[in-house]
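The values are calculated or read from the model by the stated rules, or taken from the named source; none is laboratory data. Note that this is a predicted model, so its numbers are computed, not measured. Methodologically, a virtual Cβ is constructed for each residue, glycine included, from the backbone with ideal geometry; neighbour enumeration extends over all protein chains shown. These accessible areas exclude ligands, DNA and RNA; they are computed on the full protein's heavy atoms, side chains included. Shrake-Rupley method; radii C 1.70, N 1.55, O 1.52, S 1.80 Å.
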Amino acid sequence: MKPYPPYTDQQWEADYRTEQLGHALACPDCKSDVWYHAIHRFVEGARFRYRLCKRCGFWQAADGHSAPVRCWLSLHACTNQDQIRRGLIPEDPGYTCETCGRYYDRRSQIPWPERGSG
């Protein structure tokens, strides 16, 4: 992946507000404005902020110092017949599906819809 500058908490705030106003954001890597978001989730009681593109797997923490990474994409046909896609950061070996309870590792990996910068 080509280099990108750190992503700051202030940039995340601006991106999040933009989305809340109904405006699409574009991925800095693949340029897609489909499924690219400023996201937050709670991890051990603390809010963790990042940006993620579900077209090319671009992922970057809003911590002001981390470089972006390319996530890997897992796909499986769940017990309810839904196709479950899940993006995981490179160091994640796999995950347990919350619906079917099965564990999926890198053997479930598929390419992202967009290639990105490599």
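Figures for the structure shown
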{"quantity": "Label-point gap, in nm, between residue 82 and residue 109 - each point 7 angstrom along Cα→Cβ", "calculated": "2.5 nm"}
{"quantity": "Rounded, prolate or oblate (a/c below 1.5 giving rounded, otherwise prolate when a/b exceeds b/c) for the chain by Cα gyration tensor", "calculated": "prolate"}
{"quantity": "Nearest-ten-degree value, helix 9-20 long axis tilted from longest Cα axis of the chain", "calculated": "70 degrees"}
{"quantity": "At most 15 other Cβ within 10 Å, DSSP loop - trypsin sites (Lys or Arg not before Pro), the stretch 80-118", "calculated": "102, 115"}
{"quantity": "The stretch 13-56: C-alpha gyration tensor shape, a/c 1.5 cut-off, then a/b vs b/c", "calculated": "oblate"}
{"quantity": "Computed label-point distance, nm, for sites residue 44 and residue 97 using a 7 Å Cα→Cβ extension", "calculated": "3.0 nm"}
{"quantity": "Solvent accessible area, Å² - residue 21, 1.4 Å probe, full protein context", "calculated": "130 Å²"}
{"quantity": "Value at 222 nm in deg cm²/dmol, rounded to 500, when DSSP H runs of n ≥ 4 in the chain each add -39,500 (n - 2.57)", "calculated": "-3000 deg cm²/dmol"}
{"quantity": "Of 57, 94, 45, the one that fluctuates the most in a GNM where the chain has Cα springs shorter than 10 Å", "calculated": "45"}
{"quantity": "Between the stretch 31-94 and the stretch 2-17, the Cα center-to-center distance that results, in Å", "calculated": "15 Å"}
